[in-house]
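Structure first, then comments.
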Amino acid sequence: MIPYGRQDITQDDLDAVARVLTSDFITQGPEISGFEADFATATGAPHALTASSATAALHMAYLALGLGVGDRMWTVPNTFVATANAGLYCGAAVDFVDIDPQTYNMSVGALRTKLVDAAAQGTLPKIVTPVHFAGQSCDMAAIHALAQEYGFRIVEDASHAVGGDHESTPVGACIYSDIAVFSFHPVKIITTAEGGMATTRDPELARKMGLLRSHGITREPNEMTHAPDGPWYYQQVSLGFNYRMTDIQAVLGRSQLTRLRGYIDARHAVRERYDSALSNLPVTLPFQPAYQRSALHLYPVMVNADSPVDRATAFRELRERGVGVNVLYIPVHTQPVYRDLGFKSGDYPAAEDYYARVFVLPMYAKLTVDDQDKVITAMQSVFG
Ligand SMILES: *Cc1c(COP(=O)(O)O)cnc(C)c1O
């Protein structure tokens with residue numbers, strides 16, 4: 001089966017990991033700050049903080065922005081459950097904004113309408129979290145303009161988008177947001193097995209996330225309530241977590257990051273071959289807005305409403321032909337946990353219509369031309 005996503009581990013990666021494993025520090029050592037410095041350089045954000053996962057980074061980001069009981073956090077239904085769950089961890093009320101049927105990202109029009117209603121009812125959100133679905137940036141300038149008008153903060157869920165550009169600036173530079181969060185799960189663009197990163201331009205947010213990541217413990221004398229008892233002294237000044245990445249993961253991330261540009265270019269080469277080979281089938285191929293260059297985490301294909309073959313049939317027949325298609329995302333508001341909070345089918349028609357007709361094709365940097373040809377042939381025989 002040709003998978004829909006796959007990591008690329010090289011001899012350089014193995015050597016780097018082996019070097020750390022036999023060094024003095026396998027966690028809380030120098031590779032953490034090294035990876036953070038490299039990532040800050042790659043994205044252009046002054047602050048980058050590693051985390052044990054993107055989920056942990058989202059939780060730290062929301063808490064650092066003060067999200068708590070009585071607050072509201074909005075995101076899209078077309079995302080992994082973690083984006084919304086991290087809001088529930090904070091005790092906040094989570095709500096959703098429907099997607100744009102062309103980009104599958106947060107609809108700026110739907111966001112504006114919902115903000116107008118919320119302003120009238122006194123129910124404005126504290127945080128809005130746009131998700132750069134499939135690696136394609138949301139319309140951040142427009143969302144930022146709404147943030148200025150309605151006073152909410154922005155966390156970008158950039159789990160799919162490391163290596164992508166927005167208005168010719170790397171995603172993660174946080175030009176239009178407070179914090180951006182990345183995932184290094186193996187199906188994403190670069191991997192640390194499990195792992196995540198948060199970037200920000202705001203030193204105070206970076207400081208708060210740093211405390212949250214490690215139990216709320218500080219070793220900075222000027223953050224303590226009294227002078228240190230001695231050089232061994234630390235203080236716990238807030239309630240934090242253990243959301244740390246290990247040095248084993250960090251060195252793998254650093255090694256992977258050196259290949260990021262090449263990975264994105266390779267993904268675009270795969271996209272171009274799909275775009276031209278599949279254009280005459282009864283499916284809708286990914287739209288690429290001009291203001292961004294996608295990191296191409298995914299290649300979603302929507303089965304057209306008038307296609308003679310429906311999605312379930314296409315999915316089954318492609319799997320039978322060895323093509324590991326997948327379906328992302330089941331709208332979060334239709335999950336039992338969110339139904340229990342009052343959401344129901346029909347609440348977000350664009351996300352639900354997308355989910356009813358989509359599947360994703362294999363898309364990764366090391367997808368060979370031979371394997372891609374097998375995918376294309378299978379697509380042509382299923383839909384042709
Ligand atoms: C993968 C993913 C996450 C969670 O990432 P982890 O590193 O597995 O915690 C969150 N949001 C989106 C959009 C994702 O794709």
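The values are calculated or read from the model by the stated rules, or taken from the named source; none is laboratory data. Keep in mind it's a predicted model, so treat the numbers as computed, not measured. Methodologically, a virtual Cβ is constructed for each residue, glycine included, from the backbone with ideal geometry; neighbour enumeration extends over all protein chains shown. We work out accessible area using only protein heavy atoms, side chains counted, and drop any ligands, DNA or RNA first. Shrake-Rupley method; radii C 1.70, N 1.55, O 1.52, S 1.80 Å.
Results, tabulated for the structure shown:
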| quantity | calculated |
| --- | --- |
| Boolean, LYS366 is surrounded by fewer than 18 Cβ atoms within 10 Å (Cβ to Cβ) and part of a loop (DSSP other than H, G, I, E, B) | yes |
| Subset tally (residues that are in contact (Cβ under 8 Å) with a residue 60 or more places away in the chain and buried (at least 24 other Cβ atoms within 10 Å of the Cβ)) for segment 171-185 | 9 |
| Residue match in segment 263-282 (condition: in contact with a Gly (Cβ under 8 Å, 6 or more places away or on another chain), modelled with pLDDT under 95 and surrounded by 15 or more Cβ atoms within 10 Å (Cβ to Cβ)) | no |
| Residue in segment 76-84 that is among the small types (Gly, Ala, Ser) and surrounded by 20 or more Cβ atoms within 10 Å (Cβ to Cβ) present | yes |
| ALA161 vs. criteria hydrophobic (A, V, I, L, M, F, W, C) and away from the ligand (no atom under 14 Å from the Cβ) | no |
| Tabulated pairs, segment 269-297, first more than 21 Å from SER168 (Cβ to Cβ) and free of Cβ contacts under 8 Å to residues at least 60 places away in the same chain, second outside any loop (DSSP other than H, G, I, E, B) and among the aliphatic types (A, V, I, L, M), C-beta under 9 angstrom, 6+ apart or interchain | THR284/VAL301; THR284/MET302; THR284/VAL303; LEU285/VAL301; LEU285/MET302 |
| Tabulated pairs, segment 200-222, first within 17 Å of ARG153 (Cα to Cα) and of a type in the set (D, E, K, R), second open to solvent by less than 50 Å² (accessible area, probe 1.4 Å) and not in a strand (DSSP E or B), C-beta under 7 angstrom, 6+ apart or interchain | ARG201/ALA45; ARG201/CYS174; ASP202/ASP178; LYS208/ALA64 |
| Identity of the residue in segment 18-32, within 25 Å of the chain's Cα centre (by Cα) and crowded, with 19+ Cβ neighbours inside 10 Å, that ends up farthest from SER52 (Cα to Cα) | GLU31 |
| Residues (open to solvent by 30 Å² or more (accessible area, probe 1.4 Å) and among the small types (Gly, Ala, Ser)) located in segment 93-128 | ALA93, GLY109, ALA110, ALA119, ALA120, GLY122 |
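Let's see how each residue does on (1) away from the ligand (no atom under 14 Å from the Cβ); (2) more than 28 Å from HIS268 (Cβ to Cβ); (3) assigned to a loop (DSSP other than H, G, I, E, B):
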site	(1), (2), (3)
SER177	yes, no, yes
GLU194	no, no, yes
MET197	no, no, no
GLY210	yes, yes, no
ASN222	yes, yes, no
THR225	yes, yes, yes
PRO231	yes, yes, yes
